[in-house]
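To start, the structure itself, in structure tokens.
The values are calculated or read from the model by the stated rules, or taken from the named source; none is laboratory data. Note that this is a predicted model, so its numbers are computed, not measured. All Cβ positions, even for glycine, are placed from backbone atoms using ideal geometry, and neighbour counts span all protein chains on display.
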Amino acid sequence: MIVNEEFLSNLRRAFSLNLYEVKLWTALLSRGISTAGELSDIADVPRSRTYDVLESLERKGFVIVKPEKPIKYMAISPEEVLSRVQKRMAEKAEEKANRLVQLQDSEVLAELNALFKQGIEPMHATDFSGALKGRHNLYDHLSLLIKEAQESVFIVTTEDGIILKSRALRSLLEKTKERGVKITIVAPETDKTRDILAELKGIVTVRKAKDIRARFCIVDEHQLLFMMLDDKDVHPTYDLGMWINTPFLGKAIQQMADQAWENSTPVEPMQ
């Protein structure tokens, strides 16, 4: 049986299976019912591994074992398998989430915090920096910086950036403003962003960018997060940013950001 490698790769990611598992599973689907030896030949999986892999598929709910001589394996409909996998993943995710919730007021978290504080004390100024890869990680760190903000948050972003930030950070921006933090955003006004900018105006101070295309954030004039690549040209997985904690550079960049602010214009209210 010849199966497209990309198809097998997609199955591995979607169902969290290894290569032997997807090969034997698709082989069984093509037969309906079969023995381990037949599946080994069809899927090109070593016989020494076939029984173990089929047992794994049985435990995961992908196949049914028929207690015959020789033992045969029966395929389950893909729709039922999908339903089982979704249910199992949801149960595991809920279990993990509950374990993390239980850690919030535990001695374990207290000990971890103690270790973290001890580790920070001997660190040098140059240690407070790092590279971040992937838009998901960039937004996670941006959220952290905004949560820690005490006085100000200044964001310059792109058309796509303001759309994503409005969706991902609006609730956090509202809570941060309620804490008395001054939040300002500079972004381009286009047909795609006009309504978003007008809506954000009710939460933060927003200006329309003029002749500027950049992606960065300054928090309290010392925490800097720079997105190094153009979000129109890079896949989110390969997006790249640099975080720096430095008052000297932070104030210098803030001065340049203030110039961008002066060159921007207010967003008009929604009609």
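Report yes if residue 233 is closer than 18 Å to residue 132 by Cα, out of contact with any strand residue (DSSP E or B) (no Cβ under 9 Å at 6 or more places or on another chain) and without any contact (Cβ under 8 Å) to a residue 40 or more places away in the chain, otherwise no. So residue 233 passes the test.
Scan segment 74-93 and give yes if some residue there is more than 26 Å from residue 6 (Cα to Cα), exposed (fewer than 10 other Cβ atoms within 10 Å of the Cβ) and at pLDDT below 90, otherwise no. For segment 74-93, residues more than 26 Å from residue 6 (Cα to Cα), exposed (fewer than 10 other Cβ atoms within 10 Å of the Cβ) and at pLDDT below 90: absent. Contact map, segment 59-88: first residue within 18 Å of residue 34 (Cα to Cα), second residue among the acidic types (Asp, Glu), Cβ cut-off under 6 Å, separation 6 or more or different chains; pairs are 65/58. Of the residues making up segment 1-42, those that are loosely packed, with under 15 Cβ neighbours inside 10 Å and under 16 Å from residue 66 (Cα atoms) are 32, 33, 37.
Check 30, 34, 40 and return the single one that is outside any helix (DSSP H, G or I), at negative phi and free of Cβ contacts under 8 Å to residues at least 40 places away in the same chain.
When all the criteria are applied, what remains is 34.
Evaluated against (1) surrounded by 19 or more Cβ atoms within 10 Å (Cβ to Cβ); (2) over 20 Å from the mean Cα position of the chain (by Cα), residue 192 falls short on exactly one condition, (1).
Against the numbered list (1) over 33 Å from the mean Cα position of the chain (by Cα); (2) more than 17 Å from residue 85 (Cβ to Cβ), residue 5 comes up short only at (1). The C-beta contact set for segment 196-217 (first residue part of a strand (DSSP E or B), second residue of a type in the set (Lys, Arg), distance under 9 angstrom, 6+ apart or interchain) comprises 205/182. Any residue at all in segment 227-237 that is among the hydrophobic types (A, V, I, L, M, F, W, C), surrounded by 12 or more Cβ atoms within 10 Å (Cβ to Cβ) and at pLDDT below 90? No: segment 227-237 contains no residue that is among the hydrophobic types (A, V, I, L, M, F, W, C), surrounded by 12 or more Cβ atoms within 10 Å (Cβ to Cβ) and at pLDDT below 90. Of the candidates 237, 184, the single residue that is in the same structural domain as residue 156 (by TED's automatic domain parsing), on the phi < 0 side of the Ramachandran plot and part of a helix (DSSP H, G or I) is 237.
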